[in-house]
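Student: Below is the structure I would like to discuss, written out as C-alpha cells.
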Amino acid sequence: MIKLRNRNADPAPAPPFEGHGPGGAERATFAAGCFWGVEADFRQIHGVLHTAVGYTGGHVADPSYERVCRHRTGHAEAVEVWFDPAQVSYAELLQRFWRIHKPTTRNRQGFDVGSQYRSAIFYHDAGQMEAAIASRDAEQQSLRRQIVTQITPASAFYQAEEYHQRYLEKHGHPGCAATIR
C-alpha cells in the first residue's frame, strides 16, 4: 500500500499567471490519463488556440514529473486548453473529453496506472462547473459503469518540463494509444 503524505492538505495556491492567454480566449483544464495523448487530441480541435501539459490538483508547489510519478504530490497529469468560444464551446470540449478516455476507470487509463492518470475536470468558474456536471450526468446515461471523473475547482497549474510539451508532435506519433470503451 502506498501512503501519501499531506493527503488532506489544501491544494497548492496558484502561482502568478503570466498573461491571460490569447486575446478573448477562455481556459479549460482536463485530466484524462497520459497528458501527451490528451494534448494531441485537443490540439486537433478547430478553435483551440493553445495547449500546455502540466500538473494540477495537488498539494505541493512546483512539482516535477519525477515527484508526480512517485505519488507524493497529489497532482494529476493535465492539459490546459485555451480556446476561442466563438469557434468552439466549452460543451464541445467536454464532449471530446468524454470520448478520448475511459471515465469509469479510477486512476488508470490503458497501461498507465496511478493517481496522476485520474480522470478530472478542473473548472475555472461557476458556468464551467455547471456544464461539467450536466455533461457528466448526460454521459452517465450511456454507460453501465459509474463515472469516477472528479469535477473540482481549478487550482495551481504547473507546466510540465519542456520535453513533455507537444511530445507526440515532436516525435512523430499521432497518439498514445487507442481508448477502448
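The values are calculated or read from the model by the stated rules, or taken from the named source; none is laboratory data. None of these values were measured; they are calculated from a predicted model. Quick reminder, even Gly has a Cβ in these numbers, built from the backbone with ideal geometry, and neighbours come from all protein chains shown.
Student: Restricted to the range 75-108, and to residues that are among the basic types (Lys, Arg) and in contact with a helix residue (DSSP H, G or I) (Cβ under 8 Å, 6 or more places away or on another chain), which residue is farthest from Gly24 (Cα to Cα)?
Tutor: Restricting to residues being among the basic types (Lys, Arg) and in contact with a helix residue (DSSP H, G or I) (Cβ under 8 Å, 6 or more places away or on another chain), the top hit is Arg108.
Student: If I filter the range 61-74 for residues that are touching a residue at least 60 places away in the same chain (Cβ under 8 Å) and within 18 Å of Arg136 (Cβ to Cβ), do I get at least one hit?
Tutor: No, the range 61-74 has no match at all.
Student: Still on this structure, I have one more. Working only within the range 122-153, note down all residues that are charged (D, E, K, R) and either buried (at least 20 other Cβ atoms within 10 Å of the Cβ) or in a loop (DSSP other than H, G, I, E, B) (or both).
Tutor: Within the range 122-153, Asp125, Arg144, Arg145 qualify.
Student: Could you tell me which residue of the range 154-170 is nearest to Glu92 (Cα to Cα), considering only residues that are in a loop (DSSP other than H, G, I, E, B) and modelled with pLDDT of 70 or more?
Tutor: Ala154
Student: I've got another one for you. Restricting to the range 66-121, what's the tally of residues that are part of a strand (DSSP E or B), over 22 Å from Ala156 (Cα atoms) and either within 12 Å of the chain's Cα centre (by Cα) or of a type in the set (D, E, K, R) (or both)?
Tutor: 2
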